[in-house]
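Inspection log for the structure reproduced underneath, given as structure tokens.
The values are calculated or read from the model by the stated rules, or taken from the named source; none is laboratory data. In this text the structure is predicted, and so the values were computed from the model without any measurement. Because the Cβ atoms are built from the backbone with ideal geometry, glycine has one as well, and the counts that use them run over all protein chains shown.
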Amino acid sequence: MPHLWIKDIAEDDTVTGHYRVTGKRLAKTRNGKPFLNITLGDRTGEIEAKVWDAAETLSPVFQEGDILAVEGNVESYRGQIQIRLSRLNPAQEPIDETIFFESSPENISDMMASLRDVLKAVKNEHLKRLINRFFTDREFLSIFKQAPAAKSFHHNYIGGLLEHTLSVCRMARYVARHYPQLDEDLLLSAAFFHDIGKTRELASTHTIDYTDEGRLIGHVVLSVILLDDKLRHLKDFPPDLATRLKHMILSHHGQFEFGSPKRPKFLEAFTLNLIDDLDAKINGLDRYMKKDRRDGAWTDFNRLFDRYLLKGKIEVSEKEVEWKDNEEEMQGSLFSS
């Protein structure tokens, strides 16, 4: 049978197929009866599923990241559709992994070419040589091109790190040219380096998850470690420039409570924090709202942002606005009291 994509699942559907377990919780009803709350996913999204019978027996059979063969009926609960599972088993036959891994909507090769092109704007010879050290590192590039940018929320898919880095670099170039007091070379270079540690923080063999190194050290510090490794080969690299790059990496999350070892302390560091945060939020919130399956104009409650979110765009009347051709009449209508 063709795979039924999660984005296409509707109320009253019968679902039979293979899905990856992205979340699992054994809980109890108010009456004390155990049930399983499972999040099933494919590359188009996620959906909640419930197992009401034999929950304690089935719970040890599978773990997060496993692929399950499931069967069940789709029902609506509080405006959100979910699957009431009647059967589940770990998949036995080989399954096409591309069904479960979401990838960037942009072409990887095109994004790499665009990133190289954007970074050509860097004029500082020391920074150009440092950037080139990463672009000639085949092992780094092979991971960087495929890596996700996060486990959840923003750019959490194959090629997500490259997509996010390219976007932040493009904004860095634009913002630096809008504010000439900024050092464009420094900001653009730091935009490229700021998340390189995610190549070692996250792994996506079966599902996106943290490596041991990622949990124990984190991508912010790992990015500085990777930068230091390249700087060792550039003996004449200015120490002050290296320090500023490291500070921008260490402070790009902005606040201590957001995982930043340092807070931004000069203009370029503030700017990197702001554009990084903007790109992450636009991507994450846009995808969250598009994937929300709740009926109506509002999403389900978003715990990360502690609020409901309004979906959709402003509806515009089909009746076209008739603009006056006379410039003087237009000026009068715009500025008259």
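Remarks
- Among residues of the range 1-21 that are under 14 Å from residue 98 (Cβ atoms), those with a Cβ under 7 angstrom from a residue that is aromatic (Phe, Trp, Tyr), sequence gap 6+ or separate chain, pair up as 20/100.
- Scan of the range 193-225 for residues that are under 16 Å from residue 132 (Cα atoms) and touching a residue at least 60 places away in the same chain (Cβ under 8 Å), ordered by number: 194, 196
- So residue 190, is it in contact (Cβ under 8 Å) with a residue 24 or more places away in the chain, surrounded by 18 or more Cβ atoms within 10 Å (Cβ to Cβ), within 30 Å of residue 96 (Cβ to Cβ) and not β-branched (Val, Ile, Thr): no
- Only residues that are hydrophobic (A, V, I, L, M, F, W, C) and loosely packed, with under 15 Cβ neighbours inside 10 Å were counted in the range 1-25, giving 3.
- Residue-level analysis places residue 71 outside the set of residues that are among the charged types (D, E, K, R), surrounded by fewer than 17 Cβ atoms within 10 Å (Cβ to Cβ), under 29 Å from the mean Cα position of the chain (by Cα) and under 30 Å from residue 204 (Cβ atoms).
- Inside the range 26-80, residues that are of a type in the set (Lys, Arg) and touching a residue at least 40 places away in the same chain (Cβ under 8 Å) make up a count of 1.
- Residue tally, condition of a type in the set (Gly, Ala, Ser), in contact with a strand residue (DSSP E or B) (Cβ under 8 Å, 6 or more places away or on another chain) and in a helix (DSSP H, G or I), over the range 185-217: 1
- Extreme residue, surrounded by the most Cβ atoms within 10 Å (Cβ to Cβ), among residues of the range 247-299 that are of a type in the set (Val, Ile, Thr) and assigned by TED's automatic domain parsing to the domain that holds residue 182: 249
- Condition met for residue 48 (outside any strand (DSSP E or B) and surrounded by fewer than 18 Cβ atoms within 10 Å (Cβ to Cβ)): no
- Residue identified as of a type in the set (Val, Ile, Thr), at pLDDT below 90, touching a strand residue (DSSP E or B) at 6+ places or on another chain (Cβ under 8 Å) and under 22 Å from residue 292 (Cα atoms) among 99, 47: 99
- Restricting the range 235-246 to residues that are over 17 Å from residue 218 (Cα atoms) and surrounded by 14 or more Cβ atoms within 10 Å (Cβ to Cβ), the residue that is nearest to the chain's Cα centre (by Cα): 245
- Going through (1) more than 24 Å from residue 274 (Cβ to Cβ); (2) modelled with pLDDT under 95 one by one, residue 149 falls short only on (1).
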